[in-house]
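A quick write-up on the structure given underneath.
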Amino acid sequence: MTHPRSRASRFGSSGSGKSRLGKSGAVALACIAWLALAPAVAQERKPIPGTSVSLAAPKGFEPATGFSGLVNKANQASVLIVELPPEAHAQLSTLFGNADVAKANFARQNITIKSVEQITVGGDKVPLLTGSQIAPTGDTFDKWIVLLKGEKTVMLTVQAPQKAKLAPAQIKAMIASVSLGKEPSLDEKLAALPFAIKAAAPFRVIDSIGGSGLLMTVGDKNTDPSGTQPLLVVAYQPTGPVKPGQEDALSESLLKGTHNLENATVAERKRVPFAGQNGMLLTGSFKHPNGSNKSFAQYLAIGPDSRFVRLIVMADESEMPQLQPAIDQTAASISFKDK
């Protein structure tokens with residue numbers, strides 16, 4: 001089992017709509033336009049719920065309800081904020097600081113990086129990547145990705161359909177307006193999630209990811225590179241089109257797109273109540289890269305407005321039976337929040 005935080009980034013991302021548990025990737029930049037706009041936008045800076053980030057949002061952007069960030073419903077643009085441990089900054093700086101390395105690594109996520117430049121944010125020079133990505137729908141999205149350092153490592157990603165013709169100067173001005181404050185409490189992060197949940201012992205919450213996902217484990221390690229501890233991840237997807245009745249096919253697709261579970265064996269699939277809906281449960285086994293035999297259980301439900309939530313838990317085969325009551329209780333506590 002890989003680093004719990006790393007896995008969350010693949011489990012649920014709102015970027016291309018493709019759900020994978022994996023490694024991170026994205027951020028943005030700022031420049032000359034900011035010099036003219038600085039006095040005005042600084043007065044309009046507002047905090048992003050559940051994060052340490054405050055910024056001046058461009059006209060048309062409003063707080064997102066399915067993740068930490070902003071959305072512009074008119075042109076389908078979004079600003080996604082993901083906060084990682086402070087020690088992640090050193091590793092990611094290597095990725096963001098070198099154009100060739102950035103291009104090679106982001107290409108693995110089907111993101112084409114066109115340029116790497118420096119932008120001033122809070123008096124510091126930070127790397128800004130610009131590029132594009134083709135979504136599963138066939139639409140091409142412009143992307144701006146920036147890496148920031150505060151109490152947490154912050155990755156900020158802006159994306160918009162190319163047909164929206166989002167002005168780069170406007171995006172850079174927004175990024176330049178970013179201010180990093182105190183990390184929110186765990187209770188504040190939980191309150192900002194688009195779903196309600198209560199962890200049942202022995203599971204404990206590690207952290208939220210991107211305002212749309214939650215990590216839990218059993219044991220004293222918050223990071224577990226060797227994959228020895230049970231891991232439970234809940235992720236929410238605000239995008240469709242997904243309608244009730246598609247749970248079976250969607251569950252299978254998401255499972256096969258999850259890191260380490262690409263070749264998992266599904267032993268049973270059945271309909272179960274989940275998140276207030278008629279959900280789908282898949283259970284089975286897989287071989288972990290560390291050589292151990294693991295069991296998994298994946299719950300999925302499609303809620304209002306084609307939103308869906310997924311819970312997946314992975315543990316050693318010998319541990320799963322003892323954990324099942326806590327898994328059932330945690331799954332039963334999940335519900336969609338009203339928008």
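The values are calculated or read from the model by the stated rules, or taken from the named source; none is laboratory data. Fair warning: this is a prediction, and the values are worked out from it, not measured in the lab. Every residue, glycine among them, receives a Cβ derived from its backbone with ideal geometry; neighbour counts consider all protein chains shown. Only protein heavy atoms, including side chains, enter the accessible area calculation; ligands, DNA and RNA are left aside. Shrake-Rupley method; radii C 1.70, N 1.55, O 1.52, S 1.80 Å.
Restricting to the stretch 149-173, give me the number of residues that are assigned to a strand (DSSP E or B) and among the small types (G, A, S).
Qualifying residue count for the region: 1.
Yes or no, residue by residue, for (1) assigned to a strand (DSSP E or B); (2) under 26 Å from R307 (Cβ atoms); (3) open to solvent by less than 10 Å² (accessible area, probe 1.4 Å):
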site: T130; (1), (2), (3): yes, no, no
site: D142; (1), (2), (3): yes, yes, no
site: L147; (1), (2), (3): yes, no, yes
site: I175; (1), (2), (3): no, no, yes
site: L190; (1), (2), (3): no, yes, no
site: P202; (1), (2), (3): no, no, no
site: D207; (1), (2), (3): yes, yes, yes
site: D224; (1), (2), (3): no, no, yes
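Which condition does A56 not pass, out of (1) at pLDDT 90 or above; (2) under 30 Å from L250 (Cα atoms); (3) touching a helix residue (DSSP H, G or I) at 6+ places or on another chain (Cβ under 6 Å), if it passes all the others?
So the condition that A56 fails would be (2).
Are there any pairs, at least 6 apart or on different chains, whose C-beta atoms fall under 6 Å, with the first in the stretch 266-278 and over 16 Å from K243 (Cα atoms) and surrounded by 13 or more Cβ atoms within 10 Å (Cβ to Cβ) and the second of a type outside the set (F, W, Y) and modelled with pLDDT under 95, and if so, which?
What qualifies is V272/G279.
Regarding A267, is this residue closer than 17 Å to P202 by Cα, part of a strand (DSSP E or B) and either at pLDDT 95 or above or small (G, A, S) (or both)?
When the stated conditions are applied, A267 does not pass them.
Rundown of residues vs (1) assigned to a strand (DSSP E or B); (2) over 15 Å from the mean Cα position of the chain (by Cα); (3) modelled with pLDDT of 50 or more, yes/no style:
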residue: W34; (1), (2), (3): no, yes, no
residue: L37; (1), (2), (3): no, yes, no
residue: F67; (1), (2), (3): no, no, yes
residue: L70; (1), (2), (3): yes, no, yes
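What are the residues in the stretch 76-106 that are in a strand (DSSP E or B) and open to solvent by less than 30 Å² (accessible area, probe 1.4 Å), if any?
Of everything in the stretch 76-106, those that are in a strand (DSSP E or B) and open to solvent by less than 30 Å² (accessible area, probe 1.4 Å) turn out to be A77, S78, V79, I81, V82, E83, L84.
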